Each structure stands twice: as structure tokens, then as C-alpha cells.
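Below is one structure, written out as C-alpha cells; the observations come after it.
The values are calculated or read from the model by the stated rules, or taken from the named source; none is laboratory data. Note that the structure is a prediction, hence the values are computed from the model and not measured. Cβ atoms come from the backbone with ideal geometry, glycine included; neighbour counts cover every protein chain shown. Protein only, heavy atoms only, side chains kept; ligands, DNA and RNA dropped before computing areas. Shrake-Rupley method; radii C 1.70, N 1.55, O 1.52, S 1.80 Å.
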Amino acid sequence: MTGKNAVEGTGGNFSYYELGNPLFMQDGTINDEVDITEVRKYVWYTETNGIEYKEDIQEKYFLGSYNDTAYYFYYEKDRVTILDYEFLTSVHKKEQAYVIYADSCALSDSDLQKWNITFKKIPRDIEHI
């Protein structure tokens, strides 16, 4: 507008962002269309209150260590994962505590306590298993 009806601008600028696919579906399950690395980044970020994720190529499921706790995200797109004694043989990081994500857990509560492991269930759509 011009003349007496003109309004002075507020300054600033405009930014346009295009969002990718959501990491999780509305029901909370992992979105199969998303690269699993993005989910790993999200899990690490939320567990560590914002520390940047750096992939460890030596241990496939290891997310990292933070505050004397090792974090593992044991996920395979096409099969169910189970936190069991066999998986524990692949854990090489020595920490005071462990947080391990998997589809299910075959360890007893006493074993989890003995090794200071917190099990967290991965949200997965049961129809795709």
C-alpha cells in the first residue's frame, strides 16, 4: 500500500523449510521409510539431552557412552531382535550401566539388575514382523 494507508514493515526475513518423513508413525511405531540412522540419532539425542550422535563403525548397534552408561539400539528392519545372552557377547564397551533397546528381552530381571542393564522396547508394527 502507498500513501496514508501505508504500513511500515517489521524487518526480518522469511525462511522456508521442507520437512522429511516423520521418524515415527502416528501410533508410535518406527516409520519404515526413514533411514534407521536418523532413528539412531534421535534415540541418542533424547537419551543424552542433546549430544550430537557420531556413528561407531566398530560396533553395529552401539550408539555411544554418556555418564558412565553405554547405549545400544539393537534393531533390524526385517527381523525381530531379542536382548539375550547371545547379544550380550557382542557388547564390548565396559561401562557402569547399559541401556539396550530391542524388540524383546529374554534376560531375567535378576540378570538385568546384576549387569545393570535397562531394557527398552523398540516400538515396531507387529504386522511387519
- Task: Answer yes or no: is there a residue in region 40-49 that is in contact (Cβ under 8 Å) with a residue 12 or more places away in the chain, in contact with a strand residue (DSSP E or B) (Cβ under 8 Å, 6 or more places away or on another chain) and open to solvent by 90 Å² or more (accessible area, probe 1.4 Å).
- Result: no
* Go through the residues of region 94-108 one by one and say whether even a single one is basic (Lys, Arg), farther than 24 Å from Asp27 by Cβ and surrounded by 10 or more Cβ atoms within 10 Å (Cβ to Cβ). => no
Filter region 76-89 for residues that are more than 17 Å from Asn116 (Cβ to Cβ) and part of a strand (DSSP E or B); the one that is most open to solvent (accessible area, probe 1.4 Å) is Arg79
Is it the case, given these coordinates, that Tyr53 is part of a helix (DSSP H, G or I) and either under 20 Å from Leu19 (Cβ atoms) or out of contact with any Phe, Trp or Tyr (no Cβ under 8 Å at 6 or more places or on another chain) (or both)?
no
Restricting attention to region 76-88, the residues that are modelled with pLDDT under 95 and either of a type outside the set (Asp, Glu) or in contact with a Ser or Thr (Cβ under 6 Å, 6 or more places away or on another chain) (or both) number exactly 3
Restricted to region 59-75 and to residues being out of contact with any helix residue (DSSP H, G or I) (no Cβ under 9 Å at 6 or more places or on another chain) and open to solvent by less than 40 Å² (accessible area, probe 1.4 Å), the residue modelled with the lowest pLDDT is Glu59
